[in-house]
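A short write-up of the structure that comes next.
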Amino acid sequence: MTAVTEKFSLRGTPLLSAGNTQTLLAKAPSLWAHVKVYASGGENGVHAHPDEDHLFVVLAGEATFIGPDQSETVVGSYEGMMVPRGAAYAFRSSSEDNLVMIRVGAPADTALIDAEGKADVTGSGIPKAVATRVAADGKLAPGLAPTNKTGAVPGVAIPGRVFAG
């Protein structure tokens with residue numbers, strides 16, 4: 001099998017008046033990238049991903065990451081946050097502007113990505129094998145559960161307003 005490069009662009013990513021979006025930008029067998037846009041809110045409920053390392057890069061707006069002890073780290077434009085597997089966190093948009101950020105994920109162990117593990121979770125581009133999410137108490141905390149999201153409604157695009165247009 002020959003590996004193929006893939007170009008992607010953030011140009012034209014809709015800005016929102018409400019809600020949030022997560023759009024797959026590109027995917028390789030053991031690396032995936034999304035652009036996330038939040039009009040407000042974020043992920044409530046501190047949680048961890050035991051099988052996936054994350055990297056977040058804020059492109060616009062501001063994110064406040066919350067640790068398991070409720071400590072807060074503000075991340076502004078052109079800054080980022082590394083979240084290794086098992087690290088508990090939550091985040092929220094903390095500016096009046098849309099939060100636009102790139103989320104990159106990778107399996108903690110590439111052996112997890114076998115034939116069955118490659119299957120997407122709800123078409124998100126995140127392999128099922130690494131999509132496990134646990135709450136601070138160690139109990140499963142599915143990412144699509146309403147208790148894990150604020151503004152868990154689809155993003156409402158602002159007509160004519162895009163990021164990097």
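Below, the figures for the structure above:
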{"read-out": "Probe 1.4 Å, accessible area per residue of the chain, Å²", "value": "54 Å²"}
{"read-out": "Estimated FRET transfer efficiency when R0 is 30 angstrom, pair D69-E96 (beta carbons, to 0.05)", "value": "0.65"}
{"read-out": "Nonlocal amide H pairs with V162, under 5 Å, H built at 1.01 Å", "value": "L15"}
{"read-out": "Qualifying aspartates and glutamates (Cα of each under 20 Å from Cα of K27; at least 8 residues distant if same chain)", "value": "E6, D51, E52, D53, D109, D114, E116, D120"}
{"read-out": "Carbon + sulfur, % of accessible area of the chain - ligands and nucleic acids excluded, 1.4 Å", "value": "58 percent"}
{"read-out": "Fully extended contour minus Cα-Cα distance, from H54 to A18, at 0.36 nm per residue", "value": "10.5 nm"}
{"read-out": "Förster radius 22 Å - calculated FRET efficiency between L31 and A164, Cβ distance, rounded to 0.05", "value": "0.50"}
{"read-out": "Compactness of the chain, expressed as Rg and Dmax over alpha-carbon positions, Å", "value": "15.6, 47"}
{"read-out": "Computed lengthening from V4 to A87, 0.36 nm per intervening residue step minus Cα-Cα distance", "value": "26.7 nm"}
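The values are calculated or read from the model by the stated rules, or taken from the named source; none is laboratory data. Note that the structure is predicted; figures quoted are calculated from it, not measured. Neighbour counts run over all protein chains shown; Cβ positions are idealised from the backbone, glycine included. The area values use the complete protein model at the heavy-atom level, side chains included, leaving out ligands, DNA and RNA. Shrake-Rupley method; radii C 1.70, N 1.55, O 1.52, S 1.80 Å.
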